[in-house]
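Every read-out reported here was derived from the displayed coordinates using simple, explicitly stated rules and does not represent laboratory data. Note that the coordinates shown come from a computational prediction; the quantities given were computed from them, not determined experimentally. Here the Cβ is made from the backbone with ideal geometry for all residues, glycine too, and neighbour counts use every protein chain on show.
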Amino acid sequence: MIKSMTGFGKSVIQLPGKKITIEIKSLNSKSLDLNARIPSTYREKELVMRNRVAKSLVRGKVDFALYVESTGENTNTKVNESIVKEYMRQLGNVTNSDDTELLKMAVRLPDALKTEREEMNEDEYKSIVTTLDKALEEINVYRSDEGASLKVEFDLRIKNLQELLEKVVVMDVDRLDTVKVRLERAVADLKVELDENRFEQELVYYLEKYDITEEKVRLKNHLEYFTEALNSENSNGKKLGFISQEIGREINTIGSKSNYAPMQQLVVQMKDELEKVKEQMLNVL
């Protein structure tokens with residue numbers, strides 16, 4: 001089953017004194033483009049978490065964010081009392097403000113507050129990994145749901161292409177006869193004497209150039225192969241993209257060889273259907 005590269009996943013866990021939220025969102029991209037926002041406390045595990053995300057999502061423009069919200073009374077930020085008092089003393093020498101105003105000014109100055117680095121313990125990291133896995137599970141469900149919608153669209157477009165190909169097959173029965181009559185009429189209008197045998201040979205040569213039997217067979221096979229790949233267990237957008245290119249190549253060749261306005265109109269419709277496939281293909285994992 002195909003998956004979309006678009007998705008969103010979120011998971012929250014409450015730990016003693018803090019709430020941790022993990023959000024992951026992804027959009028389409030030719031390869032994996034992973035942007036991670038992780039607090040410095042957890043940077044030592046950033047590479048491990050990035051690899052976990054990359055292995056799960058494979059491809060896409062991915063934003064991975066880990067947010068920490070303090071919910072307890074403890075805080076890592078402390079007032080640097082000695083420095084604040086020294087600031088107040090110096091400020092008192094240059095202004096007649098009271099202690100409250102001096103304090104307001106002092107706490108805004110450099111080093112008035114100090115943040116103690118918090119160390120992450122192993123139990124906390126295990127809880128974060130569990131939260132990350134839940135967020136990844138959620139985004140993959142989202143991607144699968146989007147992929148199911150894309151599959152419905154692809155099934156419709158491939159069905160339309162197969163129906164148009166059937167019309168081309170039916171039309172091709174009379175097309176070469178029409179082209180042959182047109183060539184004979186054009187020669188007759190020249191009003192010149194021709195060697196009948198040579199004319200027949202040249203006519204066969206030109207009709208062979210207009211023959212699209214191989215293109216019809218290959219196009220039919222490519223459409224069937226596309227459907228087969230679409231229904232496979234793995235999502236492979238690049239493979240489907242390559243098949244789409246082959247489908248387009250056969251449609252273009254039929255158009256250039258047809259030399260027949262009604263068939264060229266069918267080719268235009270086929271190109272329109274294929275373009276809709278290619279537009280949606282950009283979002284397939």
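Under 18 Å Cα-Cα from residue 78, which lysines qualify once same-chain neighbours fewer than 8 residues away are excluded?
18, 104, 114
In the chain, which longest range has no GluC sites (Glu not before Pro) that are both DSSP loop (not H, G, I, E or B) and surrounded by at most 10 other Cβ atoms within 10 Å? Walk me through the numbers before you get to the answer.
Numbers: sites that count: 73, 116, 119, 193, 233.
Longest stretch, sites excluded: 120-192.
Cα centroid distance between region 226-283 and region 1-76, in Å?
One Cα centre to the other: 37 Å.
Using the Karplus equation 6.51 cos²θ - 1.76 cosθ + 1.60 (θ = phi - 60°), what ³J(HN,Hα) coupling, rounded to whole Hz, does each residue of region 23-36 give in order, writing x for Gly and Pro?
Whole-Hz 3J(HN,Hα) from phi for region 23-36: 10, 9, 9, 9, 10, 6, 7, 5, 9, 7, 10, 9, 10, 10.
Run down the lysines and flag those whose C-alpha is under 24 Å from the C-alpha of residue 278, throwing out any fewer than 8 positions away in its chain.
Correct list for residue 278: 3, 25, 30, 61, 151, 159, 167, 216, 220, 238, 239, 257.
Using the alpha-carbon atoms, what tilt in degrees (0 to 90, nearest 10) does helix 213-230 show relative to the longest principal axis of the chain?
The angle comes out at about 30 degrees.
If you take the charge dipole of the chain about its Cα centre, with +1 on Lys and Arg Cβ and -1 on Asp and Glu Cβ, which of 36, 232, 170 is farthest toward its positive end?
Towards the positive end, the residue furthest out is 36.
Mind pulling the angle between the C-alpha long axis of helix 81-94 and the longest principal axis of the chain? Nearest 10 degrees, somewhere in 0 to 90.
80
Starting from the Kirkwood radius over alpha-carbon pairs of the chain, derive D by Stokes-Einstein at 10 °C in a medium of 1.306 mPa s and give it in µm² s⁻¹.
Working: Rh = 25.2 Å.
Translational diffusion coefficient: 63 µm²/s.
If you take every DSSP beta bridge whose two residues both sit in region 1-66, what share of them, in percent to the nearest 5, is antiparallel?
Details: 15 of 21 bridges.
Counting only bridges with both partners in region 1-66, antiparallel ones make up about 70 percent.
Could you tally the net charge around residue 29, taking each other residue with its Cβ under 13 Å from the Cβ of residue 29, Lys/Arg +1 and Asp/Glu -1? Working shown, then result.
Values: positive: 25, 30, 59, 61, 238; negative: 33, 63.
Here the charged neighbours net out to +3.
Magnitude of the Cβ-charge dipole of the chain, K/R +1 and D/E -1, about the Cα centre, nearest 20 debye?
Working: 45 positive and 51 negative charges, 137 e Å.
It works out to roughly 660 debye.
If you wrap a convex hull around the Cα atoms of region 239-285, how much volume per residue is inside, in Å³?
Details: hull volume 2.2 nm³, N = 47.
Hull volume normalised by residue count: 46 Å³.
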